[in-house]
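Heads up, the thing below is written out as C-alpha coordinates.
The values are calculated or read from the model by the stated rules, or taken from the named source; none is laboratory data. Not measured: the values here are computed from a predicted model. Here the Cβ is made from the backbone with ideal geometry for all residues, glycine too, and neighbour counts use every protein chain on show. Areas reflect the complete protein model, heavy atoms only, side chains present, ligands, DNA and RNA absent. Shrake-Rupley method; radii C 1.70, N 1.55, O 1.52, S 1.80 Å.
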Amino acid sequence: MKKHLAKILLVLTAVMLIAGCTGGGGSKEKYDLAGKTYYNTADEYDTYNPSKLWFGKDGSFVLTDNFYDGLYEISGKWALKEDVVTLTVEKTGVGEFKTILLEVKDDNTLVLKTELAGSRSDTKFSTEKPAPTATAPEPTSGTSTTGDPEMEYIAYYNASQGKGKNGSFVEFHDDGTFTFVEIQGLGATEIKGLWGVEGNMILFSNFEQVPYDHAGNPVHNFEMEMYDEDTLILQRGLESSSKGDIFTISGTIPEALQGKTGYTYNKFIHESTTEVADDRFLPVIEFFADGTFVFTENCYAGMGQYKGTYEKTDIGYVCYVEDASTMKGFAGQDVKTIYFENYDAALILLQTDLCMSRKGDKFFIALGS
(Lines give C-alpha, C1' and ligand atoms only; values in the text may rest on other atoms or scores of the structure.)
Protein backbone atom coordinates (compact mmCIF):
# COMPACT_ATOMS: atom_id res chain seq x y z
CA MET A 1 0.00 0.00 0.00
CA LYS A 2 2.55 2.56 -1.02
CA LYS A 3 4.93 4.28 1.40
CA HIS A 4 2.89 4.66 4.59
CA LEU A 5 1.39 1.19 4.53
CA ALA A 6 4.78 -0.28 3.75
CA LYS A 7 5.74 0.79 7.29
CA ILE A 8 2.69 -1.02 8.64
CA LEU A 9 2.75 -4.30 6.70
CA LEU A 10 5.54 -6.84 7.07
CA VAL A 11 5.81 -9.09 4.06
CA LEU A 12 6.86 -12.54 5.15
CA THR A 13 8.53 -14.90 2.72
CA ALA A 14 6.37 -17.85 1.67
CA VAL A 15 7.80 -21.15 2.83
CA MET A 16 7.09 -24.14 0.65
CA LEU A 17 7.33 -27.47 2.47
CA ILE A 18 7.44 -30.16 -0.17
CA ALA A 19 7.94 -33.82 0.58
CA GLY A 20 11.22 -35.18 -0.78
CA CYS A 21 11.42 -38.01 -3.24
CA THR A 22 11.52 -41.46 -1.77
CA GLY A 23 13.48 -42.91 -4.62
CA GLY A 24 12.69 -45.34 -7.41
CA GLY A 25 9.45 -44.33 -9.04
CA GLY A 26 8.84 -45.48 -12.58
CA SER A 27 5.74 -47.17 -13.91
CA LYS A 28 6.27 -50.28 -11.73
CA GLU A 29 6.44 -48.38 -8.41
CA LYS A 30 3.72 -49.31 -5.92
CA TYR A 31 2.35 -46.19 -4.25
CA ASP A 32 0.45 -45.95 -1.00
CA LEU A 33 -2.13 -43.15 -1.26
CA ALA A 34 -5.11 -44.52 0.67
CA GLY A 35 -6.00 -42.67 3.86
CA LYS A 36 -3.73 -39.71 3.09
CA THR A 37 -4.47 -36.02 2.56
CA TYR A 38 -2.51 -33.99 0.00
CA TYR A 39 -2.35 -30.17 0.13
CA ASN A 40 -2.00 -27.63 -2.69
CA THR A 41 1.49 -26.18 -2.14
CA ALA A 42 0.71 -23.02 -4.17
CA ASP A 43 -2.87 -22.12 -3.26
CA GLU A 44 -3.75 -18.69 -4.68
CA TYR A 45 -6.79 -18.07 -2.48
CA ASP A 46 -6.17 -19.37 1.04
CA THR A 47 -2.64 -20.16 2.19
CA TYR A 48 -3.80 -20.86 5.74
CA ASN A 49 -6.17 -23.65 4.70
CA PRO A 50 -5.06 -24.62 1.19
CA SER A 51 -7.01 -26.79 -1.21
CA LYS A 52 -6.68 -30.44 -0.29
CA LEU A 53 -7.35 -33.93 -1.64
CA TRP A 54 -8.24 -36.87 0.60
CA PHE A 55 -8.05 -40.50 -0.58
CA GLY A 56 -10.36 -42.89 1.25
CA LYS A 57 -9.35 -46.50 1.81
CA ASP A 58 -12.72 -47.51 0.32
CA GLY A 59 -11.79 -45.96 -3.05
CA SER A 60 -13.63 -42.69 -2.48
CA PHE A 61 -12.10 -39.21 -2.57
CA VAL A 62 -12.99 -35.67 -1.49
CA LEU A 63 -11.24 -32.69 -3.08
CA THR A 64 -11.80 -29.33 -1.38
CA ASP A 65 -10.82 -26.57 -3.80
CA ASN A 66 -10.48 -22.88 -2.90
CA PHE A 67 -11.44 -20.42 -5.62
CA TYR A 68 -12.31 -16.72 -6.00
CA ASP A 69 -15.78 -17.14 -4.47
CA GLY A 70 -14.92 -19.32 -1.47
CA LEU A 71 -14.52 -23.09 -1.58
CA TYR A 72 -16.37 -26.07 -3.01
CA GLU A 73 -16.11 -29.86 -2.88
CA ILE A 74 -15.62 -32.49 -5.55
CA SER A 75 -16.23 -36.11 -4.59
CA GLY A 76 -16.34 -39.52 -6.23
CA LYS A 77 -14.10 -42.56 -6.76
CA TRP A 78 -10.35 -42.81 -7.34
CA ALA A 79 -8.16 -45.36 -9.09
CA LEU A 80 -4.39 -45.71 -9.49
CA LYS A 81 -2.75 -47.20 -12.56
CA GLU A 82 1.03 -47.10 -12.75
CA ASP A 83 1.87 -43.46 -11.92
CA VAL A 84 -1.48 -41.84 -12.79
CA VAL A 85 -4.40 -41.27 -10.40
CA THR A 86 -7.80 -40.90 -12.05
CA LEU A 87 -10.55 -39.21 -10.05
CA THR A 88 -13.99 -40.09 -11.37
CA VAL A 89 -16.26 -37.23 -10.34
CA GLU A 90 -19.71 -38.06 -9.01
CA LYS A 91 -20.51 -34.69 -7.44
CA THR A 92 -19.05 -31.20 -7.77
CA GLY A 93 -20.10 -27.86 -6.35
CA VAL A 94 -18.59 -25.88 -9.24
CA GLY A 95 -18.06 -26.73 -12.91
CA GLU A 96 -18.86 -29.89 -14.82
CA PHE A 97 -15.81 -32.02 -14.14
CA LYS A 98 -16.06 -35.69 -15.18
CA THR A 99 -12.51 -36.89 -14.49
CA ILE A 100 -9.47 -35.31 -12.85
CA LEU A 101 -5.94 -36.61 -13.41
CA LEU A 102 -2.88 -36.42 -11.17
CA GLU A 103 0.65 -37.68 -11.76
CA VAL A 104 2.21 -39.57 -8.84
CA LYS A 105 5.79 -38.53 -8.12
CA ASP A 106 6.12 -40.52 -4.89
CA ASP A 107 3.98 -41.55 -1.93
CA ASN A 108 3.88 -37.98 -0.67
CA THR A 109 3.82 -35.91 -3.86
CA LEU A 110 1.26 -35.55 -6.64
CA VAL A 111 1.07 -33.15 -9.60
CA LEU A 112 -2.36 -32.00 -10.76
CA LYS A 113 -2.89 -32.42 -14.52
CA THR A 114 -6.41 -30.99 -14.77
CA GLU A 115 -7.31 -27.30 -14.46
CA LEU A 116 -9.83 -26.72 -11.65
CA ALA A 117 -11.71 -23.58 -10.61
CA GLY A 118 -9.01 -22.67 -8.09
CA SER A 119 -6.15 -25.15 -8.35
CA ARG A 120 -4.05 -24.84 -11.51
CA SER A 121 -2.75 -27.59 -13.75
CA ASP A 122 0.84 -28.63 -12.88
CA THR A 123 0.35 -27.56 -9.25
CA LYS A 124 2.13 -29.81 -6.74
CA PHE A 125 0.12 -31.44 -3.94
CA SER A 126 2.02 -32.70 -0.88
CA THR A 127 1.18 -34.63 2.28
CA GLU A 128 3.03 -31.90 4.16
CA LYS A 129 0.82 -28.86 4.61
CA PRO A 130 2.74 -25.79 3.40
CA ALA A 131 3.45 -22.88 5.72
CA PRO A 132 1.08 -19.96 5.01
CA THR A 133 2.16 -16.80 3.24
CA ALA A 134 1.22 -14.14 5.76
CA THR A 135 1.52 -10.44 6.28
CA ALA A 136 1.24 -8.61 9.57
CA PRO A 137 1.21 -4.99 10.67
CA GLU A 138 4.15 -3.48 12.47
CA PRO A 139 3.51 -2.39 16.05
CA THR A 140 1.62 0.89 16.44
CA SER A 141 1.03 3.12 19.40
CA GLY A 142 -2.56 1.95 19.84
CA THR A 143 -4.02 -1.06 21.59
CA SER A 144 -6.99 -3.03 20.34
CA THR A 145 -10.51 -1.96 21.23
CA THR A 146 -11.61 -5.60 20.90
CA GLY A 147 -10.24 -8.87 22.18
CA ASP A 148 -6.84 -8.77 23.89
CA PRO A 149 -6.28 -5.26 25.32
CA GLU A 150 -2.53 -5.66 24.79
CA MET A 151 -2.89 -6.47 21.07
CA GLU A 152 -1.28 -3.83 18.87
CA TYR A 153 -3.20 -2.88 15.74
CA ILE A 154 -3.98 -0.37 13.02
CA ALA A 155 -7.62 0.60 12.43
CA TYR A 156 -9.55 1.97 9.44
CA TYR A 157 -13.00 3.52 9.93
CA ASN A 158 -15.95 3.50 7.50
CA ALA A 159 -15.92 7.14 6.41
CA SER A 160 -18.82 6.55 3.99
CA GLN A 161 -21.18 6.10 6.94
CA GLY A 162 -20.53 9.70 7.99
CA LYS A 163 -19.95 8.83 11.66
CA GLY A 164 -16.22 9.47 11.82
CA LYS A 165 -14.66 6.99 14.25
CA ASN A 166 -18.07 6.00 15.61
CA GLY A 167 -19.05 3.92 12.59
CA SER A 168 -18.02 0.46 11.41
CA PHE A 169 -14.28 -0.22 11.44
CA VAL A 170 -11.66 -2.88 10.81
CA GLU A 171 -8.59 -3.60 12.95
CA PHE A 172 -5.49 -5.31 11.53
CA HIS A 173 -3.72 -7.05 14.40
CA ASP A 174 0.00 -7.71 14.54
CA ASP A 175 -0.47 -11.51 14.59
CA GLY A 176 -2.11 -11.67 11.15
CA THR A 177 -5.69 -11.68 12.49
CA PHE A 178 -8.35 -9.04 12.03
CA THR A 179 -11.53 -7.85 13.73
CA PHE A 180 -14.18 -6.17 11.56
CA VAL A 181 -16.85 -4.45 13.67
CA GLU A 182 -20.14 -3.68 11.91
CA ILE A 183 -22.11 -0.93 13.67
CA GLN A 184 -25.84 -1.01 13.06
CA GLY A 185 -28.16 1.13 15.17
CA LEU A 186 -27.26 0.56 18.79
CA GLY A 187 -25.84 -2.89 18.12
CA ALA A 188 -22.61 -4.25 16.71
CA THR A 189 -21.51 -7.46 14.98
CA GLU A 190 -17.92 -8.73 14.97
CA ILE A 191 -16.26 -10.61 12.13
CA LYS A 192 -12.96 -12.25 13.10
CA GLY A 193 -10.50 -14.20 10.99
CA LEU A 194 -7.21 -14.00 9.10
CA TRP A 195 -6.01 -11.45 6.56
CA GLY A 196 -3.31 -11.29 3.90
CA VAL A 197 -2.25 -9.14 0.96
CA GLU A 198 -2.26 -10.00 -2.73
CA GLY A 199 -1.29 -7.19 -5.09
CA ASN A 200 -3.26 -4.12 -4.03
CA MET A 201 -5.96 -6.19 -2.33
CA ILE A 202 -6.34 -7.19 1.31
CA LEU A 203 -7.98 -10.62 1.56
CA PHE A 204 -10.18 -11.62 4.51
CA SER A 205 -10.94 -15.30 5.20
CA ASN A 206 -10.98 -18.11 7.77
CA PHE A 207 -13.80 -16.51 9.75
CA GLU A 208 -14.48 -17.77 13.25
CA GLN A 209 -18.17 -17.63 12.35
CA VAL A 210 -19.60 -17.16 8.85
CA PRO A 211 -20.97 -13.58 8.57
CA TYR A 212 -23.97 -12.53 6.49
CA ASP A 213 -24.80 -9.50 4.38
CA HIS A 214 -27.93 -7.39 4.87
CA ALA A 215 -29.96 -9.69 2.57
CA GLY A 216 -29.06 -12.76 4.64
CA ASN A 217 -26.53 -14.20 2.17
CA PRO A 218 -23.50 -15.94 3.73
CA VAL A 219 -20.15 -14.21 3.16
CA HIS A 220 -17.33 -16.73 2.75
CA ASN A 221 -14.60 -14.18 2.03
CA PHE A 222 -14.23 -10.55 0.99
CA GLU A 223 -11.61 -8.01 -0.07
CA MET A 224 -10.63 -4.39 0.38
CA GLU A 225 -8.72 -2.40 -2.23
CA MET A 226 -5.71 -0.45 -0.95
CA TYR A 227 -6.40 2.92 -2.61
CA ASP A 228 -3.53 4.80 -0.98
CA GLU A 229 -1.55 4.86 2.26
CA ASP A 230 -4.53 5.82 4.43
CA THR A 231 -7.49 4.54 2.42
CA LEU A 232 -9.19 1.20 1.79
CA ILE A 233 -12.28 0.53 -0.36
CA LEU A 234 -14.59 -2.37 0.52
CA GLN A 235 -15.25 -4.71 -2.43
CA ARG A 236 -18.26 -6.61 -1.05
CA GLY A 237 -21.28 -5.62 1.01
CA LEU A 238 -21.53 -6.83 4.62
CA GLU A 239 -24.24 -6.41 7.25
CA SER A 240 -24.17 -2.61 7.39
CA SER A 241 -21.15 -1.61 5.28
CA SER A 242 -21.80 -1.44 1.53
CA LYS A 243 -19.71 -2.33 -1.49
CA GLY A 244 -17.61 0.72 -2.38
CA ASP A 245 -17.56 2.14 1.16
CA ILE A 246 -14.37 4.07 1.94
CA PHE A 247 -12.39 3.22 5.08
CA THR A 248 -9.71 5.62 6.32
CA ILE A 249 -7.46 5.97 9.35
CA SER A 250 -8.98 9.39 10.11
CA GLY A 251 -12.59 8.37 9.56
CA THR A 252 -13.08 11.10 6.93
CA ILE A 253 -13.27 10.75 3.13
CA PRO A 254 -10.24 12.19 1.30
CA GLU A 255 -10.96 15.11 -1.03
CA ALA A 256 -10.12 13.06 -4.14
CA LEU A 257 -12.89 10.60 -3.27
CA GLN A 258 -15.58 13.07 -2.20
CA GLY A 259 -18.89 12.01 -3.70
CA LYS A 260 -17.70 8.47 -4.44
CA THR A 261 -20.14 5.85 -3.16
CA GLY A 262 -20.95 2.22 -3.74
CA TYR A 263 -23.70 0.98 -6.00
CA THR A 264 -27.17 2.49 -5.70
CA TYR A 265 -30.39 0.56 -5.18
CA ASN A 266 -32.31 -0.35 -8.34
CA LYS A 267 -35.37 -2.51 -8.90
CA PHE A 268 -36.47 -3.91 -12.27
CA ILE A 269 -39.79 -5.67 -12.98
CA HIS A 270 -40.56 -8.14 -15.77
CA GLU A 271 -42.84 -6.72 -18.44
CA SER A 272 -46.49 -7.69 -18.14
CA THR A 273 -47.39 -10.99 -19.77
CA THR A 274 -50.47 -13.15 -20.29
CA GLU A 275 -48.68 -15.90 -18.35
CA VAL A 276 -49.20 -13.91 -15.16
CA ALA A 277 -52.77 -12.85 -14.36
CA ASP A 278 -51.71 -10.55 -11.51
CA ASP A 279 -48.73 -8.20 -11.95
CA ARG A 280 -47.83 -8.78 -8.30
CA PHE A 281 -46.46 -12.17 -9.39
CA LEU A 282 -44.18 -10.84 -12.13
CA PRO A 283 -40.47 -11.67 -11.74
CA VAL A 284 -38.50 -8.90 -10.04
CA ILE A 285 -34.79 -8.28 -9.56
CA GLU A 286 -33.45 -5.93 -6.90
CA PHE A 287 -29.87 -4.66 -7.01
CA PHE A 288 -28.81 -3.43 -3.56
CA ALA A 289 -26.25 -0.73 -2.80
CA ASP A 290 -24.00 -3.23 -1.02
CA GLY A 291 -23.36 -5.23 -4.20
CA THR A 292 -25.90 -8.00 -3.51
CA PHE A 293 -29.05 -8.89 -5.46
CA VAL A 294 -32.30 -10.80 -5.00
CA PHE A 295 -34.10 -12.14 -8.10
CA THR A 296 -37.68 -13.25 -7.32
CA GLU A 297 -38.76 -15.65 -10.08
CA ASN A 298 -42.21 -17.00 -10.97
CA CYS A 299 -41.98 -20.81 -11.00
CA TYR A 300 -45.66 -21.24 -11.98
CA ALA A 301 -46.24 -23.34 -8.84
CA GLY A 302 -45.04 -20.48 -6.63
CA MET A 303 -42.23 -17.94 -6.33
CA GLY A 304 -38.55 -18.79 -5.91
CA GLN A 305 -35.47 -16.65 -5.41
CA TYR A 306 -31.89 -16.35 -6.54
CA LYS A 307 -29.56 -14.50 -4.14
CA GLY A 308 -25.95 -13.49 -4.46
CA THR A 309 -23.63 -10.69 -5.52
CA TYR A 310 -23.42 -8.70 -8.74
CA GLU A 311 -21.13 -6.55 -10.83
CA LYS A 312 -22.32 -3.54 -12.78
CA THR A 313 -20.44 -3.23 -16.07
CA ASP A 314 -20.59 -0.97 -19.12
CA ILE A 315 -22.70 -3.66 -20.79
CA GLY A 316 -25.12 -4.43 -17.97
CA TYR A 317 -25.22 -6.63 -14.86
CA VAL A 318 -23.49 -9.90 -14.02
CA CYS A 319 -25.18 -11.72 -11.11
CA TYR A 320 -23.31 -14.46 -9.25
CA VAL A 321 -25.80 -16.85 -7.64
CA GLU A 322 -24.88 -18.00 -4.13
CA ASP A 323 -28.26 -19.31 -2.99
CA ALA A 324 -30.97 -20.84 -5.20
CA SER A 325 -32.37 -23.26 -2.63
CA THR A 326 -35.97 -22.13 -3.21
CA MET A 327 -35.61 -22.93 -6.93
CA LYS A 328 -34.96 -26.62 -6.27
CA GLY A 329 -37.13 -28.80 -8.48
CA PHE A 330 -37.83 -26.05 -11.00
CA ALA A 331 -36.23 -25.07 -14.30
CA GLY A 332 -33.20 -22.87 -13.64
CA GLN A 333 -32.31 -24.49 -10.32
CA ASP A 334 -28.68 -25.02 -11.38
CA VAL A 335 -28.03 -21.53 -12.79
CA LYS A 336 -24.85 -20.04 -11.31
CA THR A 337 -24.60 -16.78 -13.27
CA ILE A 338 -27.37 -14.49 -14.56
CA TYR A 339 -26.65 -11.83 -17.16
CA PHE A 340 -28.56 -8.65 -18.02
CA GLU A 341 -27.77 -6.31 -20.92
CA ASN A 342 -28.50 -2.58 -20.80
CA TYR A 343 -31.03 -1.29 -23.34
CA ASP A 344 -31.54 2.21 -21.96
CA ALA A 345 -31.68 3.90 -18.56
CA ALA A 346 -35.07 2.31 -17.77
CA LEU A 347 -34.82 -1.10 -19.43
CA ILE A 348 -32.53 -4.13 -19.18
CA LEU A 349 -32.73 -7.36 -21.17
CA LEU A 350 -32.27 -10.78 -19.56
CA GLN A 351 -29.56 -12.89 -21.26
CA THR A 352 -30.05 -16.15 -19.30
CA ASP A 353 -32.86 -18.73 -19.39
CA LEU A 354 -34.36 -19.25 -15.94
CA CYS A 355 -37.89 -20.61 -15.25
CA MET A 356 -40.66 -18.30 -16.45
CA SER A 357 -38.08 -15.65 -17.31
CA ARG A 358 -36.25 -16.40 -20.56
CA LYS A 359 -33.41 -14.90 -22.56
CA GLY A 360 -34.48 -11.65 -24.23
CA ASP A 361 -37.22 -10.82 -21.69
CA LYS A 362 -37.56 -7.16 -20.81
CA PHE A 363 -37.24 -5.82 -17.25
CA PHE A 364 -38.35 -2.22 -16.67
CA ILE A 365 -37.09 -0.06 -13.84
CA ALA A 366 -39.65 0.33 -11.05
CA LEU A 367 -41.06 3.77 -10.45
CA GLY A 368 -39.31 5.40 -7.51
CA SER A 369 -36.35 3.03 -7.76
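Summary of values
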item	result
Per-peptide average of other Cβ atoms within 10 Å, ordering 104-116, 73-85, 166-178 highest first	166-178, 104-116, 73-85
3J(HN,Hα) from dihedral phi, segment 269-279, Karplus parametrisation 6.51/-1.76/1.60, rounded to Hz, x for glycine, proline	10, 4, 4, 4, 8, 5, 5, 10, 6, 10, 4
5 angstrom amide H check on Ala289, placed H, neighbours 5+ away	Tyr265
From phi via Karplus (6.51, -1.76, 1.60), per-residue ³J(HN,Hα) for segment 51-63 in Hz, x at Gly/Pro	3, 9, 10, 10, 9, x, 5, 8, x, 8, 9, 9, 10
Dipole of segment 152-288, positive end: most advanced residue of Thr189, Ser205, Tyr265 [Cβ charges, Cα centre]	Tyr265
HN-Hα J in Hz across segment 238-254 - Karplus 6.51, -1.76, 1.60, θ = phi - 60°, x for Gly and Pro	10, 5, 10, 7, 9, 4, x, 4, 9, 10, 9, 5, 7, x, 10, 7, x
Interchain or long-range residues, amide H under 5 Å from Ser168's placed H	Asn158, Ile183
Under 5 Å, built H, 5+ apart or other chain: amide partners of Thr123	Leu112
Heavy atoms of Tyr45 accessible to a 1.4 Å probe, total area in Å² rounded to 10	70
